[in-house]
Amino acid sequence: MRLAVNIDHIATIREARKSDEPDPIAAAVLCELAGAQGITVHLRGDRRHIQDRDVELLRRTVSTHLNVEMAATSEMVRIAQTIKPHRVTLVPERKDELTTEGGLDVVLHSGNLEKVVRQLLDSAIDVSIFVDPDLEQIRHCSKIHAPKIEINTGRFTDAWRLGNWPAEIEKITTAARGARKMGLNVFAGHGLNYRNIDAIAGIADIEELNIGHSIIARAALVGLERAVREMAELMRNPRRLPAR
Ligand code: PXP
């Protein structure tokens, strides 16, 4: 299972002062040196953290794999077609949300999503869709020819905080297995941290995890390279949890 680090919150710190540091490009390089196998950023409509220039520079710097999360709008498609990241992950976006709140409703928006998936694939950009662990939604991803999905682990991480998570892990496991059978590549992410990772890291059908907030939060205390290494190690050996 690969680890892709979401570095949005490096840019959040920079934007808090509208300054030029810390630099997401330097952060991406450090994550890769520490063993990250991908870099993820979310180019939001409100540009609250990552800016267009960051994505351009990351495209030229990242040596593993650049995944850009974005809403399925014509503005974002144009930007993707210009910058050409390795992969675009289509996500829902609500103006005042603190973070992505759930998977895309692919059933409801299948017309627009099918068009956007085709435009991106025609531009030689790989496409993933962020969806809840729901087989009906996943079937629609396959129907509109999205080659990859990212399963939203947000419900699991909410349940984990309350101590009643096994049913949510079951849903993710079933969804991942079903998606693989449909021929989709399966990734997952949202809300994962150093304490809940072991439940997800054991799911064989998931190829990659996208993890942001917990790694950047830990990096503020122990440094980015150590934070990335510790997460990668936990994904390899899920039971060895570090102290809080
Ligand atoms: N995957 C998607 C689609 C997301 O929108 C986010 C948050 O930007 C993440 C993964 C990473 O979530 P977290 O920051 O909670 O690890």
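The values are calculated or read from the model by the stated rules, or taken from the named source; none is laboratory data. All values reported here derive from a predicted model rather than from experimental measurement. Cβ: placed from backbone, ideal geometry, glycine included. Neighbour counts: every protein chain shown. Note: accessible area is taken over every heavy atom of the protein model, side chains too, but ligands, DNA and RNA are not part of it. Shrake-Rupley method; radii C 1.70, N 1.55, O 1.52, S 1.80 Å.
Protection proxy ranking of 5-12, 107-114, by the mean of other Cβ atoms within 10 Å over each peptide's residues and highest first, is 5-12, 107-114.
Heavy-atom accessible area with a 1.4 Å probe sorts Asp20, Asp54, largest first, into Asp20, Asp54.
Mean separation of Cα pairs under 8 Å and 6 or more residues apart, divided by the residue count, gives segment 144-244 a relative contact order of 26 percent.
Residue-wise HN-Hα couplings along segment 130-142, as the Karplus relation 6.51 cos²θ - 1.76 cosθ + 1.60 with θ = phi - 60° gives them from phi, are 7, 9, 6, x, 9, 5, 5, 5, 5, 4, 5, 4, 5 Hz; Gly and Pro carry x.
Using the Cβ of Gly189 as centre and a radius below 10 Å, the other residues enclosed give a net charge of -3, where K and R count +1 and D and E count -1.
Probe radius 1.4 Å, ligands and nucleic acids left out: which of His213, His140 has the largest accessible area, and how do the rest follow?
Values: His213 130, His140 30 Å².
Listed by decreasing accessible area, they come as His213, His140.
In terms of distances greater than 19 angstrom between alpha carbons, the cross-link table entries Lys115/Lys148; Lys143/Lys181; Lys84/Lys115; Lys148/Lys181; Lys95/Lys148 yield Lys95/Lys148. Each of Arg180, Arg48 has its accessible area taken with a 1.4 Å probe; listed largest first, they run Arg180, Arg48. Accessible area of Val29 (1.4 Å probe, protein heavy atoms only, ligands and nucleic acids ignored): about 60 Å². Scalar couplings 3J(HN,Hα) for segment 100-111, obtained by applying the Karplus form with A = 6.51, B = -1.76, C = 1.60 to θ = phi - 60°, are 4, 9, x, x, 5, 8, 6, 5, 5, 9, 4, x Hz; x denotes Gly and Pro. Entry comment: accessible area of the chain is 47 Å² per residue, from protein heavy atoms only and a probe of 1.4 Å.
Rounded to the nearest percent, how much of the accessible area of segment 22-137 (1.4 Å probe, protein heavy atoms only) is carbon and sulfur? The value for segment 22-137 is 51 percent carbon and sulfur by accessible area. Between Arg47 and Asp198, the C-beta separation translates, for a Förster distance of 35 Å, into a calculated FRET efficiency of about 0.50.
The relative contact order of the chain comes to 19 percent, based on Cα pairs under 8 Å that sit 6 or more residues apart.
Across the accessible surface of segment 161-244, with the other protein chains kept in place and a 1.4 Å probe, carbon and sulfur atoms take up 51 percent.
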